[in-house]
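In what follows, a single structure is set out as structure tokens and then discussed.
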Amino acid sequence: MAGLVTVVTRTLGRPCLAEAAASVAAQTHRPLEWLVVDAAGRGVDVPPAGDVPVRVASAGEPLPRARAANLGLVSALGARALILDDDDLLEPRALERLSAALDAHRDAHLAYGNVRGVLSDDREVALFRFEFSELLIARRNAFPIHAAMFDLAFVRAAGVTFDESLEWFEDWQFWLALSERTRFVHVRETIATYRMHLSQSGIGNVDGERADARVLAQRDAVLARGAGRREALDVRHDALKREAHAHEAAGRLPEAAAAWLAAHQDFQYDAEPLLRYAGLALRAGDARAARAIVDSGLALLPYEPALHRVLATLLGLAGDRDGAVRAVARAEALEAHGPISPI
């Protein structure tokens, strides 16, 4: 149905389903339906979601995460869908903002926003706020499943489904498949909450000492499947940088600046294009452009000491001696700590 958004919720019937219902009811977007997938397969008591129509989909048997998601995809009536598991929450304008982003970017079939990760006391311990690039998605799962809204007709026509061989990272595999076929749009607002203390997947500990070996194995399996594409994207990114270096070496500075900017847009989490572009802007006497690229770079790479050193130079040129000293101190502290990657 044109304009209709389906929120798909996979559930085993936990009490937190009532909070998911309230989150759906509070959405400002209409028309809207809530499709609850009975992943336990034994019936589920679904709370009302305000004026939002509610349907239940069930296979009559227990469903792993990926199978439950696929049942949601085939059962949804909406033109667009978002998967909100029963332990997570949406901000009231989440669907409105994501849908508007897709309306504004017709060449994109998935829009995603920022998600805050919280503990039981609502203390924020993570913020999923990544800019989109194919290379980023090929390297890591950049956002939780309820960050994203996608066009169902496009997904169905492309034959993209959740990989039912995966117990974990089925969302990442889904994003990987879609990112090969369409551009993603990033809505730069916090539109959802990931309640990490309620998660039962074990993914939250994947990089910690208590990581489940099965979860690690499936993460590595997803990485291995995408190795060829990831290598091709790395090659493309390196080629953009080589082109920029060649222009710079030949003294074609405007062309070099454009090439460095293209390399940055290809993969925003590589500091070299930011630093080289800032250096060229300084050589051209354009401190404002240099400051703008450094500020945007620090928003993406706050732990990159070289960016803090360039900021110190710019602050010094602007006469802000104290700010320059603080920037140098920050750079030195980061260098002493060692590399910290945001991805």
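The values are calculated or read from the model by the stated rules, or taken from the named source; none is laboratory data. Please read all numbers here as calculations on a predicted model, not as lab measurements. Methodologically, a virtual Cβ is constructed for each residue, glycine included, from the backbone with ideal geometry; neighbour enumeration extends over all protein chains shown.
Some observations on this one:
- Cβ-Cβ under 6 Å pairs, at least 6 apart or on other chains, the range 213-231 side touching a residue at least 24 places away in the same chain (Cβ under 8 Å), far side surrounded by fewer than 16 Cβ atoms within 10 Å (Cβ to Cβ): Val215/Gly202
- Just one residue in the set Ala94, Ala111, Ala68, Ala79 is aliphatic (A, V, I, L, M) and either more than 24 Å from the chain's Cα centre (by Cα) or surrounded by fewer than 23 Cβ atoms within 10 Å (Cβ to Cβ) (or both); that residue is Ala79.
- Residue pairs meeting the criteria (Cβ under 8 Å; at least 6 apart or on separate chains; first in the same structural domain as Leu275 (by TED's automatic domain parsing), in the range 236-252; second basic (Lys, Arg)): Ala244/Arg276; Glu248/Arg276
- Some residue of the range 266-273 being part of a helix (DSSP H, G or I), more than 20 Å from Ala306 (Cα to Cα) and touching a residue at least 24 places away in the same chain (Cβ under 8 Å): yes
- Residue within the range 161-173 that is within 28 Å of Pro62 (Cα to Cα), of a type in the set (Asp, Glu) and either in a helix (DSSP H, G or I) or not assigned by TED's automatic domain parsing to the domain that holds Gly78 (or both) present: yes
- Any hit, the range 120-132, residues being buried (at least 20 other Cβ atoms within 10 Å of the Cβ) and in contact with an Asp or Glu (Cβ under 8 Å, 6 or more places away or on another chain): no
- Residue check for Ala81: in a helix (DSSP H, G or I) and under 30 Å from Asp266 (Cα atoms): no
- Positions within the range 302-342 being loosely packed, with under 12 Cβ neighbours inside 10 Å and among the basic types (Lys, Arg), in sequence order: Arg321
- Considering residues of the range 222-278 that are surrounded by 18 or more Cβ atoms within 10 Å (Cβ to Cβ), among the small types (Gly, Ala, Ser) and more than 26 Å from the chain's Cα centre (by Cα) only, the residue nearest to Ser341 (Cα to Cα): Ala278
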